[in-house]
Amino acid sequence: MKVLVAAKRVVDPNVRVRVKADHSNVEIEHSKMSLNPFDENAIEEAVRLKEKGLVTEIVALSIGTIKSEETLRTALARGCDRAILVESNENYEPLNIAKIFAHIAKEEKPDLILLGKQAIDDDANQMAQMLAGKLNLPQVTCASSLDVNGNSIRVVREIDAGNETLEINLPAVISADLVLNEPRFIKLPQLMMAKKKPIEKKLAADLGLDLSAHSRLISVTDGEVKKQCKFLTNLNDVVNVIKANGV
Amino acid sequence: MKVLIIALARNNQINPNLANVLTAAHKISSVCDVLVLGAADLSKVTSYSGITSIYHAANLTSNDLLASNLTESLANIAKGYTHVLMASDSAGKDLLPRVAGFLDMGQISDVLAISSPNIFKKPMYAGNIIAEVESFDEIKFLTIRTICFDAVASSGNAAVVNKELLVDTDNKIQFVSEKLSVIETVGLASAKRIVSGGRSLGSKESFDEVIGGFAVKIGAAIGASKAAVEAGYANNDCQVGQTGKIVAPELYIAVGVSGAVQHIAGMKDSKKVLAINNDPNAQIFEYADYGYVGDLFEVIPEIMRGL
């Protein structure tokens, strides 16, 4: 089984993002960047399946500026076999990312496309579903466990009310929830080895796709709402606060 | 403007957040259509105001209701509308982007405010940033963050029209089973009170005893931080935060929750927040109306005695 995974370069989850002075966008030029944590879950799962002998090759795909090469090196250090960078300076919306992904998937013909359920920058949670819709492949989003049986996978999917179990035939698109696994730490030898693994580069503009914008960012504002906390020192006051709120 | 709301039934029930999606829809058009997929009791839905027709495709199995199987027929229905809305819950997030992608259109996720029929506000970066975006698509696909819109009034009397929906089940995917939470967290997103626990609870047993006991005592739903879920103290469906549920109860009590950015993203719209933590510098206090510094294992039983 061949697996295609995503490796999106995002602002590190520990960085507090700020709004630019003119509100045109967020200020991230000098921020620490990381591999999207949900993509880490997806990659970890692919690597575990490979360790079980169920996967033969893992290909990582990133779409972004040349700096995404660094993110792909992390994916390779995590256990991907090779990588593809589709280069562009455009900040594509999920639909256009899905188009590029679909294009690469048609070339690579993976049995399984395994992606993070969302990226922690735009939090859109759209790409896997759009990709599955475009490729007319079955999808399971927010997967919390995968059990491969030949040409099908039994997947548990997290839903608001609990979870549901689905049997999905390959080829398929699956998006990873946080609880799918706990990604391992990368050790230095793996980082060294990753430098020798191949990264194929393509230009988004050369793919012959219509990547025109379907939306436009007008402005951004700070969404933070800090409060003035009133510290209580007497537990009776705490009880009264709870009672005052309808208990 | 012609607006359609899609709602999926589960166990013969329609999620009451449909009433909030309707309020969002009414910012675009004073009336809209609702398409209900799956068998459900519609007595409440028919009373919601501002609905022209409720199309009910009752004859659908759990298998039919999978996003992979519904996409094509919903895409055909969507073509008759300018806006297609779903709640930003697990059904909406799964289904709507797929339908949009199938039609080569974008989607705006987690809409918090509607500025005009083509301009919307949505969160980014765990809600730390609010973006205003303009959609150029012929059909606007929107998932609605339902806590940001009030429930619509119940003064309507909409007609129910039975709808035959041809679902494409080509056996690429099959529904096997579902397991609904033992703890009643289904109502987490609409609960009036929530007690949330963090990693400081130390074990699943303590979590169930302290947080569970406290929640039962005050009639609250149970929430948990990502750290508590990862440590196995609470089910994933209790998770409040960027990657879990977004809640806005009247009262949110955070017990032993440090207040990581991703947790704040899920609860900062709560009307009143009470934080109990043994660390006076815990970030959660910056987002709380009331704070108490102390050991939760001593404090919670004491509070429960006082109630």
Round to the nearest 10 and give me the degree value, 0 to 90, for the angle of helix A:94-108's Cα axis relative to the longest principal axis of chain A. 30
Taking the 0 to 90 degree range and rounding to the nearest ten, how far is the long axis of helix B:90-102 tilted relative to the main principal axis of chain B, both from C-alpha atoms? 40
When every protein chain stays in place and a 1.4 Å probe is rolled, B:Arg10, B:Arg193 sorted by accessible area with the largest first are B:Arg10, B:Arg193
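Of the listed pairs B:Lys140/B:Lys192; A:Lys243/B:Lys271; A:Lys50/A:Lys187; B:Lys122/B:Lys192, which have alpha-carbon separations greater than 20 Å here?
As for pairs spanning more than 20 Å Cα to Cα, those are B:Lys140/B:Lys192; B:Lys122/B:Lys192.
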DSSP-assigned coil residues among trypsin sites (Lys or Arg not before Pro) in segment A:151-222, each with at most 15 further Cβ atoms within 10 Å: A:Arg184, A:Lys187, A:Lys195, A:Lys196
Please give the charge dipole size of the protein assembly as shown, origin at the Cα centre, charges +1 on K and R Cβ atoms and -1 on D and E Cβ atoms. Round to the nearest 20 debye. 380
Please give me the summed charge of the neighbours of B:Ser115: other residues whose Cβ is under 12 Å from its Cβ, Lys and Arg +1, Asp and Glu -1. +1
Would you mind putting A:41-49, B:298-306 in packing order, based on average other-beta-carbon counts within 10 Å, highest first? A:41-49, B:298-306
Taking Cα pairs under 8 Å and at least six residues apart, what relative contact order does segment A:2-214 come out at, in percent? 25
With label points built 7 Å along Cα→Cβ from the Cα atoms of A:Asn234 and B:Ser115, find their separation and express it in nm. 4.9
At 0.36 nm per residue, minus the direct Cα-Cα distance, what do A:Asn151 and A:Leu203 gain on full extension? Give it in nm, one decimal, please. 15.4 nm
Taking each residue of B:130-137 in turn, how many C-beta atoms of other protein chains fall within 10 Å of its C-beta, and what is the average? 6
Just to be sure I understand: of the beta bridges DSSP finds with both ends in segment A:2-214, what percent are antiparallel, rounded to 5? 40
Mind grabbing the interface size between A and B? I mean buried accessible area, both sides, 1.4 Å probe, in Å² to the nearest hundred. 7000
Cα long-axis angle, helix B:67-78 against chain B (0 to 90 degrees, to the nearest 10): 50
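Within 10 Å of each Cβ of A:150-160, how many other protein chain Cβ atoms are there on average? If you can, show how the numbers build up before the last one.
Working: counts 0, 0, 3, 0, 2, 2, 4, 4, 7, 12, 17.
Per residue, the number of nearby Cβ atoms from other chains is 5 on average.
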Gain in length, B:Asp168 to B:Asn281, computed as 0.36 nm per residue apart minus the alpha-carbon separation, to one decimal in nm? 35.2 nm
Take every DSSP beta bridge whose two residues both sit in the protein assembly as shown, then give the antiparallel share in percent to the nearest 5. 35
Per DSSP, loop trypsin sites (Lys or Arg not before Pro) in segment B:30-114 with at most 15 further Cβ within 10 Å: B:Lys44, B:Lys79
Under 37 °C and 0.692 mPa s, how fast does the protein assembly as shown diffuse according to Stokes-Einstein, given a Kirkwood radius computed over C-alpha pairs? Answer in µm²/s, whole number. 136
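In percent, what relative contact order does segment A:57-164 have, based on Cα pairs under 8 Å that are 6 or more apart in sequence? Mind showing how you got there, number by number?
Numbers: 123 pairs, mean separation 18.6, N = 108.
Here the relative contact order equals 17 percent.
Give me the percent of accessible area attributable to carbon and sulfur for chain B, probe 1.4 angstrom. Don't skip to the answer; put the middle values down first.
Working: 5470 of 11600 Å².
Here carbon and sulfur together make up 47 percent of the probe-accessible area.
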Threshold 10 Å², segment A:87-102 residues less accessible with all protein chains present than alone (1.4 Å probe): A:Leu95, A:Lys99
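Note down the relative contact order for chain B as a percent, whole number, built from C-alpha pairs under 8 angstrom at least six residues apart. Write down the numbers at each step before the final one.
Numbers: 658 pairs, mean separation 44.9, N = 307.
That works out to 15 percent.
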Please report the antiparallel percentage of the DSSP beta bridges confined to chain B, to the nearest 5. 20
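The values are calculated or read from the model by the stated rules, or taken from the named source; none is laboratory data. Small disclaimer: the values here were computed from a predicted structure and weren't measured. Neighbour counts run over all protein chains shown; Cβ positions are idealised from the backbone, glycine included. Each accessible area value is taken on the protein alone, full model and side chains, heavy atoms only, with ligands, DNA and RNA left out. Shrake-Rupley method; radii C 1.70, N 1.55, O 1.52, S 1.80 Å.
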